[in-house]
Amino acid sequence: MKILVISDVHANSWALRAAIQDAGPVDHVLCAGDTVSYGPDPRATLDLLRECGVIAARGNHDHAVASGADPRASPAKQPLALAMRDWTRSRLELADVAWLARWPLRLLWEVGGTRFAVVHATPRDPLYDYRLRPDAPDDLVREVAAGIDADVLVVGHTHWPLLRTHGPLQIVNPGSVGQPLDGDPRAAYAIWEDGEVRLRRTPYPVERTVRQLEALSLPPAITQRLAAILRTGEAQ
């Protein structure tokens with residue numbers, strides 16, 4: 001059994017295609033949310049995920065686009081998040097918005113005898129908790145793992161890859177497919193295969209995504225900052 005594990009695609013269809021191609025044939029695609037916002041290609045991104053038969057939990061940006069809620073992004077990115085929430089809502093079909101709204105905040109999924117729990121941020125706060133980063137202390141890992149009745153916990157939100165264990169529980173953040181923030185601009189994803197998790201990176205045509213951004217009817221200050229994040233893999 002081979003599963004492509006992704007998160008934080010952020011409407012970057014070029015990066016998503018690259019991750020899908022690099023992963024090769026898989027049995028399932030599991031997503032920890034934030035498929036839209038920040039990026040220039042939300043409809044193509046959602047179409048790709050439909051074609052893959054994605055199994056997804058809802059992220060804070062999915063939730064914001066679906067409902068008009070405050071995305072509550074990090075302070076440095078909040079102006080970008082608000083601008084792209086409204087732009088994205090204007091570009092999606094009603095069926096797309098309804099699909100995002102149906103995704104659960106907490107997803108439990110079992111396949112081949114392995115149980116996966118999927119949330120965007122953390123089980124206690126599935127939309128907005130940024131604390132679970134690679135350098136998270138053991139106390140936080142214990143808090144996150146408490147009460148999880150699963151073999152694998154999949155999270156996203158921080159845009160930083162993470163692989164930790166707590167007893168038999170594997171905790172994996174595949175990193176961000178479409179907007180990495182760990183200093184490596186390549187698309188990040190993970191592969192779960194027969195009980196083993198591997199964190200992976202693959203290049204994608206960043207400048208094609210940047211050109212799409214620059215063509216949007218948005219203030220240049222917004223698109224320039226988003227382009228800089230894509231090029232550097234760091235928050236600007």
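The values are calculated or read from the model by the stated rules, or taken from the named source; none is laboratory data. Because the structure is a prediction, the values reported are computed rather than measured. All Cβ positions, even for glycine, are placed from backbone atoms using ideal geometry, and neighbour counts span all protein chains on display. What goes into the accessible areas is simple: the full protein's heavy atoms, side chains included, and nothing from ligands, DNA or RNA. Shrake-Rupley method; radii C 1.70, N 1.55, O 1.52, S 1.80 Å.
I'd like the residue in segment 117-146 that is farther than 20 Å from Asp34 by Cα and either touching a residue at least 60 places away in the same chain (Cβ under 8 Å) or part of a loop (DSSP other than H, G, I, E, B) (or both) and, out of all such residues, is least open to solvent (accessible area, probe 1.4 Å).
The qualifying residue least open to solvent (accessible area, probe 1.4 Å) is Ala136.
State which residue is surrounded by the most Cβ atoms within 10 Å (Cβ to Cβ) when the search covers only segment 81-99 and only residues that are within 16 Å of Val9 (Cβ to Cβ) and not charged (D, E, K, R).
Of segment 81-99, the ones within 16 Å of Val9 (Cβ to Cβ) are 81, 84-85, 88, 91-92, 96, 99.
Now drop any that are not not charged (D, E, K, R), which leaves 81, 84, 88, 92, 99.
Details: Ala81: 19, Met84: 30, Thr88: 25, Leu92: 19, Trp99: 18.
Looking at the filtered set, the residue picked out is Met84.
Kindly indicate which of Val54, Val65, Val26 is under 19 Å from Ala121 (Cα atoms), hydrophobic (A, V, I, L, M, F, W, C) and open to solvent by 10 Å² or more (accessible area, probe 1.4 Å). Talk me through it step by step, then tell me what you get.
Numbers: Val65 fails: open to solvent by 10 Å² or more (accessible area, probe 1.4 Å); Val26 fails: under 19 Å from Ala121 (Cα atoms).
Result of the check over Val54, Val65, Val26: Val54.
If only one of Leu140, Leu107 is over 20 Å from the mean Cα position of the chain (by Cα), at pLDDT 95 or above and farther than 17 Å from Gly195 by Cα, which one is it? If you could, list the steps in order and put the result at the bottom.
On the way: Leu107 fails: over 20 Å from the mean Cα position of the chain (by Cα).
Of Leu140, Leu107, the one residue that is over 20 Å from the mean Cα position of the chain (by Cα), at pLDDT 95 or above and farther than 17 Å from Gly195 by Cα is Leu140.
When segment 179-205 is examined, which residues are found to be surrounded by fewer than 20 Cβ atoms within 10 Å (Cβ to Cβ) and over 15 Å from the mean Cα position of the chain (by Cα)?
Answer for segment 179-205, where residues must be surrounded by fewer than 20 Cβ atoms within 10 Å (Cβ to Cβ) and over 15 Å from the mean Cα position of the chain (by Cα): Gly183, Asp184, Glu193, Asp194, Gly195, Glu196, Val197, Arg198, Thr202, Pro203, Pro205.
Is there any pair with a first residue in segment 172-186 that is touching a residue at least 12 places away in the same chain (Cβ under 8 Å) and under 13 Å from Arg200 (Cα atoms) and a second that is surrounded by 24 or more Cβ atoms within 10 Å (Cβ to Cβ) and of a type in the set (Asp, Glu) whose Cβ atoms are under 9 Å apart and which are 6 or more apart or on different chains, and what are they?
From residues that are touching a residue at least 12 places away in the same chain (Cβ under 8 Å) and under 13 Å from Arg200 (Cα atoms), the pairs are Pro174/Asp8; Gly175/Asp8; Ser176/Asp8; Ser176/Asp34; Val177/Asp8; Pro180/Asp8.
State which residue pairs qualify: first residue without any contact (Cβ under 8 Å) to a residue 40 or more places away in the chain and inside segment 210-236, second residue open to solvent by 60 Å² or more (accessible area, probe 1.4 Å) in any location, beta carbons under 8 Å apart, and separation of 6 or more residues or different chains.
Val210/Arg231; Thr223/Glu214; Ala227/Glu214; Ala228/Gln236
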